[in-house]
Amino acid sequence: MSGQQRRPRHPQGQGAPGSDRRGSSRSGGQPSRTVQPSRAVQPARRVAYDVLRAVSDSDAYANLLLPSAIVDAGLSTQDAALATELAYGTLRRRGMYDAIIEAAADRDTASIDPAVLDALRLAVHQLLATRVASHAAVNESVNLAADAQGRGAASFTNAVLRRIARETPGEWQERIERSARSDDERLSLRTAHPVWVIRALRRALAAEGRADELEALLEADNVSPEVTLVALPGLAEQGEPRRPYAATAFGSPGGDPHRIVAGSGGKVRVQDEGSQLVALALAAAAPIRSGERWLDLCAGPGGKTALLAAIAAQHGALLEANEIIPARAGLVRNALRPVPGDVVVDEEDGRTLARDRAGQYDRILVDAPCTGLGALRRRPEARWRKTPADVAELVPLQEELLSAAVEALAPGGIVAYVTCSPHLAETTGVVQEVLRGRTDLHELDARAVLTHIAQSPIDLGTRDDQPDGGSAQLWPHRHGTDAMFLALLQRTAADPAATAPGDAAGKGE
């Protein structure tokens, strides 16, 4: 459902004579010096470039591909850090860098061969946003272009990068912003976020009366997040340094976190604190009774599933999981291996599975497929992949999954609706649509539940349409987490005394 988003053409890139897709220098002017490529490229840059190519050509996910690429290349700790900064930094600011490349090349990026364009992007990031020596950035990207398309591409790349290197980052920023037609376009070029994303984030913040925090949020999106780990309850102890909110979360003590995960046998895992909090909130929304039946309806890749399974095991509850994509279902099973007991993982359409099991579950997690706009700091390419059309496609699916989950609830049962997106259409819009006209369903105070389980005070704001509580929105700039959304809905109990909504099952569980 995602599609690569192209930036609009800039005036500097129009009408370039003799342009073609090989990236030759004919339309870019004569280079000041043509470099005959030796094809020598430092391993960290090669890894970063290969990741860029996979993202461009195959819609690969950088956060999944890069760790294995680093291991396969045998990079040292220092080179692994460099490869990570080059790949993530280039992907994160791609829109800004494309505008600079268009101005320097006097052509639209759509007319440049994709492999050459990725070499240019990689070099521009080094020239304008790092302390890498200019000659190394230029020469090695010229070699990458030569490998991809030959001498003509190498000459073109050399010419463009020499032009870019002659001006400072501030001068380039001022130049590209002059081409903007609105304040939002200028902000887009300055913060490397598509205009539609900026407007969606502004609306979500404005719903809490905090539209003035937009630039702080955009800045937070462009900073790599700290590594956060989860200690599965009853199986591992929370380490140090502790994170402020989730009783299961702690920071990486340094070194490769995957070694910590492997050393724990998977009982400690890498997981954003916000992701932990929404799973903990479902468990804490009402006291847990032995024998409860739980369902993780959209379980892949399994982080929340494992956390819920560990809590369920502590309280004598039974967890089941479902993930329609087989490869992701495999990740769920792998995440569950450290947890005692046998968690069944089905591979069905969640809507069908939930409707076929009407009235059977006491707690259901619907971690719905979404645009992922809340995780742009850890998935830097997502901002350029998604378009407003993706929202229009996803919202009906989100509504159908949540509606089906409600039907699968037993009387008094609770469903947690979660998205890693703050987009109002994917969050409160979906919840309001599902609640519309139903008398057997009401919304619990998710903010009160999160406030109760948080280990230190947590500022969740207020909403004009929910003055007395309701859904909760986490934010990178405010909480240091992904922008996770949480709503808790409860099916009317047959016996009103059967449950105690909002009465926590245990602090931090």
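Laid out as a table, the results:
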quantity: Centre separation in Å (Cα based) which lies between segment 419-458 and segment 289-319; calculated: 20
quantity: Net lengthening on full extension, residue 226/residue 407 (0.36 nm per residue, minus Cα-Cα); calculated: 61.3 nm
quantity: Two-site label geometry, residue 455 and residue 347: point separation in nm, points 7 Å out along Cα→Cβ; calculated: 3.8
quantity: Fewest-first sequence of 112, 324, 70 by Cβ atoms within 10 Å of each Cβ; calculated: 324, 70, 112
quantity: Residue-span extension gain [residue 240 to residue 438] - 0.36 nm each, minus C-alpha spacing; calculated: 66.7 nm
quantity: Distance between modelled label sites at residue 175 and residue 252, nm, 7 Å Cα→Cβ extension; calculated: 3.6
quantity: Footprinting exposure proxy for 491, 46 (fewest neighbouring C-beta atoms within 10 Å first); calculated: 46, 491
quantity: Cβ-based exposure ranking for 258, 125, 479, in which fewest neighbours within 10 Å come first; calculated: 258, 479, 125
quantity: Cα gyration tensor, segment 119-274 - rounded (a/c under 1.5), prolate or oblate; calculated: oblate
quantity: Relative packing of peptides 430-439, 91-100 - highest average C-beta neighbours within 10 Å first; calculated: 91-100, 430-439
quantity: Inverse of mean 1/r across different Cα pairs in the chain, Kirkwood, Å; calculated: 24.2
quantity: Prolate/oblate/rounded call for segment 127-175, Cα gyration tensor, a/c under 1.5 rounded; calculated: prolate
quantity: Nitroxide proxy distance, nm - points 7 Å out along Cα→Cβ at residue 337 and residue 355; calculated: 3.7
quantity: Computed magnitude of the charge dipole of the chain (debye, nearest 20; Cβ of K, R +1, Cβ of D, E -1); calculated: 1900
quantity: Global size of segment 272-498 as Cα Rg and Dmax, reported in angstrom; calculated: 16.4, 50
quantity: Residues residue 215 and residue 73, FRET efficiency given R0 of 45 Å [Cβ-Cβ distance, rounded to 0.05]; calculated: 0.75
quantity: Orientation-averaged projected area, Cα convex hull of segment 224-263 (nm²); calculated: 3.0
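Values quoted throughout were computed directly from the atomic coordinates according to the rules given, and no laboratory measurement underlies them. Please read these numbers as outputs of a predicted model, since none were measured by experiment. Because the Cβ atoms are built from the backbone with ideal geometry, glycine has one as well, and the counts that use them run over all protein chains shown.
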